[in-house]
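Working notes for the structure below.
Derivation of every value follows stated rules applied to the coordinates shown; laboratory data play no part. Every value quoted in this text rests on a predicted model; they were computed, and no experiment measured them. Note that we place each Cβ from the backbone using ideal geometry, even for glycine, and neighbour counts take in every protein chain shown.
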Protein chains: 4
Amino acid sequence: MDYQSTLDEICAELKPKLGMEGAVANYIPALARIEPCQFGIALRTRNGEEAWAGDATTPFSIQSISKVFSLTLAMRLVGEQLWERIDREPSGNPFNSLMQLESEQGIPRNPFINAGAIAVADRLISSGYAPKTEMLDMVSSLCDEPIEVDREVAASEAATGFRNEAMASFIKSFGKLDNDVATVLDLYYRQCAIRMNALQLARATGYLCRDGAHPYSGIQVISDRQARRINALMLTCGTYDAAGEFAFRIGIPCKSGVGGGIIAVVPDTLSLCVWSPALDENHNSVLGQEALELFANRTGLSIF
Amino acid sequence: MDYQSTLDEICAELKPKLGMEGAVANYIPALARIEPCQFGIALRTRNGEEAWAGDATTPFSIQSISKVFSLTLAMRLVGEQLWERIDREPSGNPFNSLMQLESEQGIPRNPFINAGAIAVADRLISSGYAPKTEMLDMVSSLCDEPIEVDREVAASEAATGFRNEAMASFIKSFGKLDNDVATVLDLYYRQCAIRMNALQLARATGYLCRDGAHPYSGIQVISDRQARRINALMLTCGTYDAAGEFAFRIGIPCKSGVGGGIIAVVPDTLSLCVWSPALDENHNSVLGQEALELFANRTGLSIF
Amino acid sequence: MDYQSTLDEICAELKPKLGMEGAVANYIPALARIEPCQFGIALRTRNGEEAWAGDATTPFSIQSISKVFSLTLAMRLVGEQLWERIDREPSGNPFNSLMQLESEQGIPRNPFINAGAIAVADRLISSGYAPKTEMLDMVSSLCDEPIEVDREVAASEAATGFRNEAMASFIKSFGKLDNDVATVLDLYYRQCAIRMNALQLARATGYLCRDGAHPYSGIQVISDRQARRINALMLTCGTYDAAGEFAFRIGIPCKSGVGGGIIAVVPDTLSLCVWSPALDENHNSVLGQEALELFANRTGLSIF
Amino acid sequence: MDYQSTLDEICAELKPKLGMEGAVANYIPALARIEPCQFGIALRTRNGEEAWAGDATTPFSIQSISKVFSLTLAMRLVGEQLWERIDREPSGNPFNSLMQLESEQGIPRNPFINAGAIAVADRLISSGYAPKTEMLDMVSSLCDEPIEVDREVAASEAATGFRNEAMASFIKSFGKLDNDVATVLDLYYRQCAIRMNALQLARATGYLCRDGAHPYSGIQVISDRQARRINALMLTCGTYDAAGEFAFRIGIPCKSGVGGGIIAVVPDTLSLCVWSPALDENHNSVLGQEALELFANRTGLSIF
């Protein structure tokens, strides 16, 4: 399939819509000042073929996309015990809701809502994980380029993260967080503040379309089954309150972030990243979603 | 692939577990008296190859599996307007909860929870649908055998269906149900009380693995895209509160019913039905789930 | 105390505000066409002294005020067993919410929300109560004038009462309603549709400020303790979502109705009724509340 | 009335029940080790007459009873603006629930649930209040004896107060807490850890039955109206999830604490404190409630 032409067409088709709908995340200054009229898309096939278009090499804050990487690390380091502290069901509530935590006694619904990612961070710390280097090392290796944390973003998140503090303290009040709230959130904010571009993310998520094998070295990052399970979680829980809608309209496992990025995995075929900073009311990139729908329609790629 | 051997093995492996866990649905006598120690499994591939094992030809009450057929009819008869009355998101709440209806003003979360199926039934009636014959005609044609409603079950459901009456009246109180509560529920109870066996259901759901084409005639029942969307909804919403778990462990779109049946669709490959009446606390068949997990593991079939 | 002057002053003070705020209940035509610019107030002391002002002899639909009379009858006819089906706590939710019924398994929070009054009606029917006459007989006796049901209002409530049907069916689904939904709601709608004027209501509620003794005959309607308990329930639960605010600002037990009436009881001292049809967002009469606050401030009457 | 005999009788009647029901609060060691078989009761009339019985001079941790004192201070120091940050309605949810805070955007339902008391503490700090001395000074003056904070209890509360941290952070995330979470909670834990005995509390709450006037000096602590409003809030919100039940059975405004104390105010008549450490499932003292019910029945004192 001529993926490059497809991406070029999608890019051309969406360009006139840049800036017409949605708004950039504005809860911290470093995100609020991002120019909304940007759009980039990139993919890498199972066999290493690559294609990209638009602002595919402009770095952005990966935010919640990092939850895929932290879950990957936790599956590797913690194993099945991870699931004693985190459930695997869609939440039916906003990504930062505390209500379900109360009725479910501190067990977050899944690892892709904030509460779940905080619980994952706690498990990583308890497993002996090296917080300052281990995720950056893994991600750098996966995309074959050095990756950094945006310290300004991390500091801003920390300075305004009262809701996340509430969530972490609440989990801890149920005896389901073993480490200090501050330590856990420090790790969580660092991972959210990682900066990557669409092409790097398309490469770095390649293991999810290759049965868990590293996109360059071929070494297993996680097992085949673990990779499929992450894809399943992305489909049912990866796009906040719109997971059902993504499955219905796009039919490809995705994970979005408030930086405007969305990664998508067609199992056994390709990994893709689209980025455009203006978000809809569900916190998903407006043009990112549209691009994914166009891509699914034109290529016929869908898991259903 | 030698599907017959796989089904035989699964059947042999699960036989010793018959009756060890779970309990049959007991909210109406006609379901409560079902012998729990039964297990049947059947599949039909896209190309018409069939395999079955165990009690695959024993009829049972399809219950919520009928929601797939009513949604199919509604997509055909009502089209996109259907979605003005029903959302497409996982609910995060039990299948018969009224809470979300209240905060979401009478719009059910998806067509596979009871409230959603009641809303679908209302849309069907308003579209000029012939309630006594149309679903039976479609299902009979799809499995190439005459199918009937179990009148005792339908009458029992009606006699004890206060929760469904509450739900329908509640939707109507928001102005989101156009027909009489009694008329809508009469249709709903009839569809739940359809009796079929696992082999018939494996055949009848064949259009979902054939791009919407009738399993025998090849005529489009619904479009390719509609079929894929039903599969997507089954994956995100088809198994009550356990949809995330099904996706995670089994990775195949499924729809379950309290009669103990579960249908499963591997897109472009095969449709399958497993039946065993003892249910877990989520109202899904205990051995049905186990059979599907074994099947997915042995065949490597998964959409992820 | 010169109650007549106080009521005259309040009436004069509020007249300029007639029609400036709030709106009449509009869920049924018979209530929607009520002229909003009306205001009446009446009281009767423990010793039989009376005072009234404004539209105190214009009849209106007593609506939820009837819940005080049905509770009185149920305490007399059913006794302590009544409380096996109804709790006695403020709800913290809107008067017609179904959410709490779900988490509390069909036990309404108190007898003054709709669900609770429906449960009371069910208990009355099971106790052998004569639905067509018993409440009218009691109320007529209490105010010493014949009282009637407004049949048009009762019929309209029945024709549009889907939310109440939902509630009654929901309670029944938990096994907490012994009679038919239709029978129970028929009684409930009849009591809501009783027509009385402010003076009649001030007289009829006299037993609540006289230790349960009939305002004319002196015979015990209910016991001293039962009367005090009804007053307590009015204070904690009598004014929908605004019970805390009424206690804080007015400090007198009250029960309001969507017809615009509010009854108030100063224990051992007097019973009062104020009426003005325009309601605030909590479904309490705007000027009725203001009149009660003025009355409490001028007379110094407060239970706190 | 011979209050001393009444208290003696109640004490004698309840002694055989000591230790039979309920359990002491066990969330911190300093409370968990309290001997449950203790009971004390004390009252002081509007005119300064006093009576007490049992362990009325044994000090205990006043815990949530302190919310009455902090509200008193906030009414004095902050005035009406206080109510921009706190509502005045019963919550209908457990005292430490976060659910309502989410749907109500960081505005606690009332000042007597934990979230509300935390918001009050924040308002006090912003008003220039002297955290280390001001409440102790007021309480010492009110009961005419020096009162101290139990530092061990305060430290334990702080060390395990993750739920309170969650609540404070959550309020702050809605922009409704102006001071640091740690500063606010430090004040909150100090006030909860005040140690007093039943007689001291009966004296110190005397202003609530004397139109706001200091029980010894007669100087206004707060205005008449403010005192009545605190009494109203105690009645509708003072005893956690059991406020309706207290009003129904006892009919006197009360505020309870997990240390086992309950204060009660009969307006214009007397203030009372009962203490017994074993709590029921609503966190109210088992024998404390029983004593209050006996007291209300024997004296006929009730606000209804």
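Structure above, values below:
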read-out: Rounded to whole Hz, the Karplus (6.51, -1.76, 1.60) HN-Hα couplings of the range B:51-66, x for glycine and proline; value: 8, 7, 7, x, 7, 6, 10, 8, x, 9, 7, 6, 6, 5, 4, 4
read-out: Mean projection area, nm², convex hull over Cα of the range C:65-192; value: 7.3 nm²
read-out: Selection from C:I62, C:L235, C:S103 lying farthest towards where the dipole of chain C points positive, charges on Cβ; value: C:S103
read-out: Counted charge near B:P111, where neighbours are those whose Cβ lies closer than 14 Å (Asp, Glu -1; Lys, Arg +1); value: +3
read-out: Copy-to-copy label separations for D:A182, where each label sits 7 Å from Cα toward Cβ, in nm and ascending; value: 0.5, 6.8, 6.9
read-out: Sorted largest first, extent of the protein assembly as shown alpha carbons per principal axis (Å); value: 93, 66, 62
read-out: Peptide C:248-256, shielding by other chains (average Cβ, 10 Å cutoff); value: 3
read-out: Under the Debye formula (equal points on every Cα, no solvent term), log10 I(q)/I(0) of the range B:1-132 at q = 0.16, 0.18 Å⁻¹; value: -1.01, -1.07
read-out: Amide H partners (placed H, <5 Å) of B:L279, local residues excluded; value: B:A23, B:V24, B:A25, B:V286
read-out: Amide proton proximity set for D:H214, modelled H, under 5 Å, gap of 5+; value: D:I219, D:Q220, D:V221
read-out: The range A:131-206-the range D:153-179 distance, computed between alpha-carbon centres (Å); value: 24 Å
read-out: Residue of D:S173, D:S141, D:S97 that the Gaussian network model of chain D assigns the largest fluctuation, springs spanning Cα pairs under 10 Å; value: D:S173
read-out: Ratio Rg/Rh [Cα only; Rh per Kirkwood] for the range A:145-211; value: 1.10
read-out: Check: the range D:65-192 dipole with +1 on Lys, Arg Cβ and -1 on Asp, Glu Cβ, in debye; value: 260 debye
read-out: Built amide H within the under 5 Å cut-off of B:I194, gap 5+; value: B:I62, B:Q63, B:D150
read-out: Cβ charges +1 (Lys, Arg) and -1 (Asp, Glu), total dipole of the protein assembly as shown, debye; value: 0 debye
read-out: Most mobile of D:I263, D:I34, D:I230 in a GNM of chain D (Cα contacts under 10 Å); value: D:I34
read-out: Average beta carbon contacts from partner chains per residue of D:159-172, 10 Å cutoff; value: 6
read-out: Farthest positive-ward along chain C dipole, Cα basis, beta-carbon charges - from C:M75, C:N197, C:I10; value: C:M75
read-out: Partners for A:K67 among lysines (Cα-Cα distance below 23 Å; same-chain residues under 8 apart left out); value: A:K132, A:K172, A:K176, A:K255
read-out: Summed residue charge, Cβ within 11 Å of D:Y3's Cβ, Lys/Arg positive, Asp/Glu negative; value: -3
read-out: Closest Cβ on chain C to the rotation axis that carries it onto D (distance rounded to whole Å); value: C:G92, 1
read-out: Calculated label separations, B:R33, copies of the chain, 7 Å along the beta-carbon direction, nm; value: 5.6, 6.5, 7.7
read-out: Average partner coverage of B:85-91, which counts Cβ from other chains inside 10 Å; value: 5
read-out: Table column - 3J(HN,Hα) (Hz), the range A:77-90, Karplus curve with 6.51, -1.76, 1.60, x for Gly and Pro; value: 8, 9, x, 4, 4, 3, 7, 6, 10, 9, 8, 10, 10, x
read-out: Nearest 10 degrees, 0 to 90: helix B:134-143 Cα axis against chain B principal axis; value: 10 degrees
read-out: Neighbourhood net charge (15 Å Cβ-Cβ; Lys/Arg +1, Asp/Glu -1) for C:P267; value: +3
read-out: Cα-based helix-to-principal-axis angle, D:162-173 vs chain D, degrees rounded to 10; value: 50 degrees
read-out: Unit charges on C-beta of K, R, D, E only; dipole of chain C, Debye; value: 440 debye
read-out: Residues of the range D:90-109 with amide N under 14 Å of the 7 Å Cα→Cβ point at D:E84; value: none
read-out: From the C-alpha gyration tensor of the range C:183-273, square roots of 5λ in Å; value: 20, 19, 13
read-out: P(r) weight above 32 Å for chain C, C-alpha pairs, percent; value: 18 percent
read-out: Chain D: calculated mean residue ellipticity at 222 nm from DSSP helix runs of at least 4, using -39500 (n - 2.57); value: -13000 deg cm²/dmol
read-out: Using θ = phi - 60° and Karplus 6.51 cos²θ - 1.76 cosθ + 1.60, couplings along the range A:292-302 (whole Hz; Gly, Pro as x); value: 5, 5, 4, 4, 5, 5, 6, 8, x, 6, 6
read-out: Relative contact order of chain B, pairs being alpha-carbon contacts under 8 Å that are 6 or more residues apart, as %; value: 26 percent
read-out: Other-copy label distances relative to C:Q220, 7 angstrom Cα-Cβ extension, nm; value: 4.4, 7.9, 8.1
read-out: Crossing angle, helix B:181-192 versus chain B [Cα axis fit, 0-90 degrees, rounded to tens]; value: 10 degrees
